[in-house]
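The values are calculated or read from the model by the stated rules, or taken from the named source; none is laboratory data. None of the values given here were measured: they were computed from a predicted structure. Using ideal geometry, Cβ is built from the backbone for each residue, glycine included, and neighbour counts are taken over all protein chains shown. What goes into the accessible areas is simple: the full protein's heavy atoms, side chains included, and nothing from ligands, DNA or RNA. Shrake-Rupley method; radii C 1.70, N 1.55, O 1.52, S 1.80 Å.
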Amino acid sequence: QVQLVESGGGLVQAGGSLRVSCVASGGTFANYDMGWFRQAPGKEREFVAAIRWSSTYYGDSVKGRFSISRNNAKNTVYLQMNSLQPEDTAVYYCAAGPAGLGVPRTREAYAYWGQGTQVTVSS
């Protein structure tokens, strides 16, 4: 069983930056694809970014502004968010799934989810 704990969310002004982190425990971190999803009020959970070994994937709405990375020695995945806009406001969830099995952009690829961290971007 893998446990995921996100941190680093908060309030930021439009145009600003924020980095959220997710620490995993209970499994061999390097054996997992890691993803970030977000959910705004009244909307479905949306794919943001994923990392599979050294390959990265991004949702269209964040491409060029967000960057995902991982540190296997620290069991941590990061999401660096730049040029934030009010429409980026959401709860951001970290997810983990068996490496190489699912389609990284889909929720079905991930078996484990964190509790989420709130990111709010003011205009």
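At a glance:
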{"item": "Sole exception among (1) in a strand (DSSP E or B); (2) open to solvent by 60 Å² or more (accessible area, probe 1.4 Å) for TYR78, by number", "result": "(2)"}
{"item": "Test: residue in segment 88-111 that is in contact with a helix residue (DSSP H, G or I) (Cβ under 9 Å, 6 or more places away or on another chain), modelled with pLDDT of 95 or more, open to solvent by 30 Å² or more (accessible area, probe 1.4 Å) and more than 17 Å from GLY15 (Cα to Cα)", "result": "no"}
{"item": "Unique residue being touching a Phe, Trp or Tyr at 6+ places or on another chain (Cβ under 7 Å), hydroxyl-bearing (Ser, Thr, Tyr) and either in contact (Cβ under 8 Å) with a residue 24 or more places away in the chain or closer than 13 Å to TYR93 by Cα (or both) when the list is SER7, SER17, SER21, SER25", "result": "SER21"}
{"item": "Test: residue in segment 48-65 that is among the β-branched types (Val, Ile, Thr), touching a residue at least 12 places away in the same chain (Cβ under 8 Å) and surrounded by fewer than 18 Cβ atoms within 10 Å (Cβ to Cβ)", "result": "yes"}
